[in-house]
Amino acid sequence: MTEGPDITFVLGTRPEIIKLAPVIRECEDRSLTRSIIHTGQHYDESLDLVFFDQLALPEPTHHLEVGSSTHGRQTGEMIIRIEEILRRERPDTLLVQGDTNSVLAGAIAASKLDIDLGHVEAGLRSDDRTMPEETNRVLTDHASDYLFAPTEQSRARLRSERIPDERIYVTGNTIVDAVEQNRTLAAQRSAVLAEYDLVPGRYCLLTAHRAETIDDEQRFGDLLTGVGRVASHLEREVVYPIHPRAAKSLEAFDLDVPDGIRIVEPQNYLDFLSLEDAASLVLTDSGGVQEEACILGVPSVTLRESTERPETIDVGANRLVGTDPAAIVEGADEMIDRDGEWTNPFGNGTAATQILDTITGAERREVSPK
Ligand code: UD1
Ligand code: UDP
């Protein structure tokens, strides 16, 4: 360990692994990593290990193996075990990213022990408190000492919630770092288009996994009907790498998958980036996928009633359509003709460097007491 603060990471799901990868690698380069705590919220290889391997991340120092459960039990068990480790290791700073239950657990454990807490991707709001992610974001932001906001819009939101200015740093989103670091590699190494016999620009890409979409039979059914109509209207196959949670819902509700939608396994990062990059349109309820499509210059429609990524809509990259079949077709029809020439609103791919410069003091401001 060299001079500087010790940094511990808490992570547990696919998007956290992908979006923290640039920060973890930078932290390794500066020899600042104290430990990586994996909660085990995601445990299937396709949502977890595959990303550690492909993104060249060190193995987690601690694996909590908490697994799936009710929100209270899952989050509670994580807090108990994270606290034990933090009490023993006393890192200077704990970093979490995003809005999952693992993030909330890390935030609560650190703030109770008075360990500095940094929230990567702070200040996002859907204003829909029925979404578990919204509660996790709000609580984590208000417990944090460093709020790494991706955009000026997220900074403004944090200010409006009376979070002191000196805690907020606009760094861009680490997803830009991740895309820049992997886009060329994906083009060189991924053979996914050939494997699935797909022609660039002649297919659409779908992801849908959020609780509010796929836990409701009517909504999930409407979504599939709408996307099926898009496939026939645009005469393009829609490829759907399915999250295990959505696969379980599909089976439990015994929903018909319309012709034109091809369900495939969850993809590793390079294959998924390749699929996104060459798609003519992305249809999604994912947060990270809305951002990536925007960064890659691929138009998207968001199959939700709200988004915490309004920047994608403001620049003309995305449209919010919900799950009504007619609205999905109308949105897809409008977006597919967009030229992809919008400005990426999520920064210049140096978020990881800026985050670590801030924590190590190079950019640090005086912070008033919480
Ligand atoms: C979680 C996040 C969500 C994020 C998503 C990323 C919360 C509240 N939700 O949702 O914001 O968008 O991760 O993908 O933190 N399951 C498996 N294998 C796994 C993990 C889960 O089959 O490795 C299934 C189980 O049936 C489980 C269900 O998915 O009950 C839900 O898992 P959970 O981690 O609670 O939430 P996600 O839906 O994955
Ligand atoms: N992703 C992936 N393989 C897939 C689907 C998604 O690698 O089959 C990546 C995608 O590139 C993005 C991230 O997973 O970086 C988004 O995670 P997810 O949609 O699970 O969660 P959210 O962003 O909605 O929280």
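The values are calculated or read from the model by the stated rules, or taken from the named source; none is laboratory data. For clarity, every value in this text was computed on a predicted model and none was experimentally measured. Positions of Cβ are generated from backbone atoms using ideal geometry, with glycine treated the same way; all protein chains shown enter the neighbour counts.
Please enumerate the residues belonging to region 156-169 that are buried (at least 17 other Cβ atoms within 10 Å of the Cβ) and free of Cβ contacts under 8 Å to residues at least 60 places away in the same chain. Within region 156-169, R157, L158, I163, I168 qualify. Screening G331, G361, G340, G347 for residues that are crowded, with 17+ Cβ neighbours inside 10 Å and either on the phi > 0 side of the Ramachandran plot or under 17 Å from the mean Cα position of the chain (by Cα) (or both) leaves exactly one candidate, G347. For region 55-91, give me each residue that is modelled with pLDDT of 95 or more, within 16 Å of ligand 2 (Cβ to nearest atom), surrounded by fewer than 19 Cβ atoms within 10 Å (Cβ to Cβ) and more than 25 Å from I115 (Cα to Cα). The one that is modelled with pLDDT of 95 or more, within 16 Å of ligand 2 (Cβ to nearest atom), surrounded by fewer than 19 Cβ atoms within 10 Å (Cβ to Cβ) and more than 25 Å from I115 (Cα to Cα): S68.
Which members of region 292-327 meet the condition of being among the small types (G, A, S) and surrounded by fewer than 23 Cβ atoms within 10 Å (Cβ to Cβ)? Can you show your working first?
Of all residues in region 292-327, those among the small types (G, A, S) come to 293, 297, 300, 306, 316-317, 322, 326-327.
Hits for region 292-327 are G297, S306, G316, G322, A326, A327.
Touching a residue at least 12 places away in the same chain (Cβ under 8 Å), more than 14 Å from ligand 2 (Cβ to nearest atom), under 29 Å from R25 (Cβ atoms) and not assigned by TED's automatic domain parsing to the domain that holds I295: does that describe Q153? Against the criterion (touching a residue at least 12 places away in the same chain (Cβ under 8 Å), more than 14 Å from ligand 2 (Cβ to nearest atom), under 29 Å from R25 (Cβ atoms) and not assigned by TED's automatic domain parsing to the domain that holds I295), Q153 qualifies.
Which ones in region 91-114 are outside any helix (DSSP H, G or I) and free of Cβ contacts under 8 Å to residues at least 40 places away in the same chain?
Answer for region 91-114, where residues must be outside any helix (DSSP H, G or I) and free of Cβ contacts under 8 Å to residues at least 40 places away in the same chain: L113, D114.
Take region 176-216 and flag every residue that is acidic (D, E) and under 23 Å from L303 (Cα atoms). Of everything in region 176-216, those that are acidic (D, E) and under 23 Å from L303 (Cα atoms) turn out to be E212, D215, D216.
Go through region 15-45 residue by residue and tally those that are assigned to a loop (DSSP other than H, G, I, E, B), within 16 Å of ligand 1 (Cβ to nearest atom) and either of a type in the set (A, V, I, L, M) or in contact with a strand residue (DSSP E or B) (Cβ under 8 Å, 6 or more places away or on another chain) (or both).
Going through region 15-45, the residues assigned to a loop (DSSP other than H, G, I, E, B) turn out to be 30-32, 39-44.
After this cut, where a residue has to be within 16 Å of ligand 1 (Cβ to nearest atom) as well, the list is 39-44.
Next, from what is left, pick out any that are either of a type in the set (A, V, I, L, M) or in contact with a strand residue (DSSP E or B) (Cβ under 8 Å, 6 or more places away or on another chain) (or both): 39-40.
So the answer is 2.
For region 115-136, a residue qualifies if it is assigned to a loop (DSSP other than H, G, I, E, B) and crowded, with 24+ Cβ neighbours inside 10 Å, and the qualifying residues are E121, A122, G123, L124. Within region 46-82, being without any contact (Cβ under 8 Å) to a residue 60 or more places away in the chain, part of a helix (DSSP H, G or I) and over 21 Å from the mean Cα position of the chain (by Cα) holds for G72, R73, G76, E77, I79, I80, R81. Here N344 meets each of (1) within 16 Å of ligand 2 (Cβ to nearest atom); (2) within 30 Å of E45 (Cβ to Cβ) with one exception, condition (2). Of all residues in region 192-247, those satisfying the criterion of being surrounded by fewer than 16 Cβ atoms within 10 Å (Cβ to Cβ), farther than 27 Å from S69 by Cα and either of a type in the set (S, T, N, Q) or without any contact (Cβ under 8 Å) to a residue 24 or more places away in the chain (or both) are A194, E195, D197, V199, S232, E235.
Among residues of region 255-276 that are on the phi < 0 side of the Ramachandran plot and without any contact (Cβ under 8 Å) to a residue 24 or more places away in the chain, those with a Cβ under 6 angstrom from a residue that is aromatic (F, W, Y) and within 16 Å of ligand 1 (Cβ to nearest atom), sequence gap 6+ or separate chain, pair up as I263/Y240.
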